[in-house]
Protein chains: 2
Amino acid sequence: MNDCSFDIPLQVKEEGLYRRPLPKGLIAFSSVEGRAVFQQALLQGNMANYFPLIEQFTTQAEPAFCGISSLVMVLNALEIDPGRVWKGPWRWFDENLTDCCDQIPQIKKVGVSFHQLTRLARCNGLKVDAYFHSETELGLFRQQLADVARTSSGKHMIVSYSRSGLEQTGGGHFSPIGAYHAERDLVLILDVARFKYPPYWVSVTSLWQAMAEKDSLTDRSRGYFLCEKLV
Amino acid sequence: MNDCSFDIPLQVKEEGLYRRPLPKGLIAFSSVEGRAVFQQALLQGNMANYFPLIEQFTTQAEPAFCGISSLVMVLNALEIDPGRVWKGPWRWFDENLTDCCDQIPQIKKVGVSFHQLTRLARCNGLKVDAYFHSETELGLFRQQLADVARTSSGKHMIVSYSRSGLEQTGGGHFSPIGAYHAERDLVLILDVARFKYPPYWVSVTSLWQAMAEKDSLTDRSRGYFLCEKLV
């Protein structure tokens, strides 16, 4: 076994970006306010889905993998056995194992559409209930958020939204919902682009508006889908 | 953009293993008891380090990467800028970026020793305070756990223990500590082998005993180290 000959930090040239500042209006998970919101939501019983989901919180493995990394979190949180070996002797979902028909190289380049991700979710063993923003309404969305967060329904929600709608940099994005704070009408987004933003609480109405923007590739609004284990 | 032609779960042959049952005496994070312990520890103010650390919870990228994946969690939780690009334009730690002198291929085969991991932590910009089990005592260990969990010290702890000491399968293992429950004397281990075990609460004395066993490669006991940002 080699041992390292450097005991001091490496001196390196800095290129690229180290994260982005979280826009105002979003509450960082680990901030003083974020911790208070968390504790309140927990005591309100609005974090049923948080526990299995946070166990699987992950960084999207590639810059265009937000969709399939969100899917990986939900698949592992629901303890779906991929039926194929990941590494060593272990069956476990990573992004590559979500593939159903050799789409990964293309997804790596351009990401996935909302519809494409729901199909990948289905072919990996999930029951999916999908809603384009244009086909649903805010009241139903809020009710579904509360249902996911409040009960042990075994459901998780993945949202597809426009980053610009939350004053963030970047285009369309997917991430799972970690919790709901009913009184303040906030949801916890477990943003899989952890190299860019921390997890944050956002108002349900802001998120709703950020889902309304059209995906230029498909010319359809964004939306959300509920996933659960097939029985 | 391709779309998937399968809307039904793939039928595949099952080989390998899907997780391991958590041994008795360990409390699964998402179990009813685990949630109660979590809430108590939170209300006791014993989860100061939990928030930034859980934001970075990760699955070890390779079966022998438990040490450097634990280190990646702490480096990202402490917002250490690697000064080098990970992917796209982003500077961010993954396991490969922890390398200081081309050790990764060897680590992939055999893992790292306790001493080697502390040196990697130092060369990536952390202040490290390391303790072999044989050189410290239970009282000090407990006090340091409480300090990490109770205050906003900006410190995190990585433990090196023998899995067999916790009745788990496997040999030596590294993982970070997520929280401390003072009254019940339990710590939360954020086990990076998420394909094998969920995160769990374990008694401090059991963990202490599991650190006493010698690493056959180095013929030294295991131990723990505290990490913080260099100022």
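Scan the range A:161-175 for residues that are in contact with a Pro (Cβ under 8 Å, 6 or more places away or on another chain), assigned to a loop (DSSP other than H, G, I, E, B) and not polar (S, T, N, Q) and report the count. Adding up the residues that qualify gives 1.
The residues of the range A:98-142 that are within 17 Å of A:Lys229 (Cβ to Cβ) and of a type outside the set (Ser, Thr, Tyr), listed by number, are A:Leu120, A:Ala121, A:Arg122, A:Cys123, A:Asn124, A:Gly125, A:Leu126, A:Lys127, A:Val128, A:Asp129, A:Ala130.
Inside the range A:115-145, residues that are modelled with pLDDT of 95 or more, part of a helix (DSSP H, G or I) and out of contact with any Cys (no Cβ under 8 Å at 6 or more places or on another chain) make up a count of 12.
For the range B:34-49, taking the residues that are buried (at least 22 other Cβ atoms within 10 Å of the Cβ) and at the interface with chain A (Cβ under 9 Å from one of its Cβ atoms), the one that is nearest to B:Arg184 (Cα to Cα) is identified as B:Phe38. Count of the range B:94-107 residues, restricted to those that are touching an Asp or Glu at 6+ places or on another chain (Cβ under 9 Å) and more than 7 Å from chain A (Cβ to nearest Cβ), is 3. You will find that of A:Ala210, A:Ala130, A:Ala121, A:Ala193, the residue that is closer than 30 Å to B:Val32 by Cβ, crowded, with 16+ Cβ neighbours inside 10 Å and among the small types (Gly, Ala, Ser) is A:Ala121 and no other. Within the range A:203-231, the set of residues being of a type in the set (Lys, Arg) and either in contact (Cβ under 8 Å) with a residue 24 or more places away in the chain or on the phi > 0 side of the Ramachandran plot (or both) comprises A:Arg220, A:Arg222, A:Lys229. Residues that are farther than 14 Å from A:Leu53 by Cβ and touching a Phe, Trp or Tyr at 6+ places or on another chain (Cβ under 6 Å) within the range A:147-160 comprise just one, A:Ser160.
Within the range B:108-123, can one find any residue that is farther than 27 Å from B:Lys196 by Cβ, touching a strand residue (DSSP E or B) at 6+ places or on another chain (Cβ under 6 Å) and more than 14 Å from chain A (Cβ to nearest Cβ)? No - not one qualifying residue is present in the range B:108-123. Taking the listed residues A:Arg84, A:Arg163, the one that is basic (Lys, Arg) and buried (at least 18 other Cβ atoms within 10 Å of the Cβ) is A:Arg163, with no other qualifying. Within the range B:189-231, the residues that satisfy the criterion of being within 14 Å of the chain's Cα centre (by Cα), part of a strand (DSSP E or B) and closer than 26 Å to B:Arg122 by Cβ are B:Ile189, B:Gly223, B:Tyr224, B:Phe225, B:Leu226, B:Cys227.
Scanning the range A:77-90 for residues that are more than 13 Å from the chain's Cα centre (by Cα) and more than 7 Å from chain B (Cβ to nearest Cβ) turns up A:Leu78, A:Glu79, A:Ile80, A:Pro82.
The values are calculated or read from the model by the stated rules, or taken from the named source; none is laboratory data. Keep in mind that this is a model prediction, so the values were computed, not measured. Cβ atoms come from the backbone with ideal geometry, glycine included; neighbour counts cover every protein chain shown.
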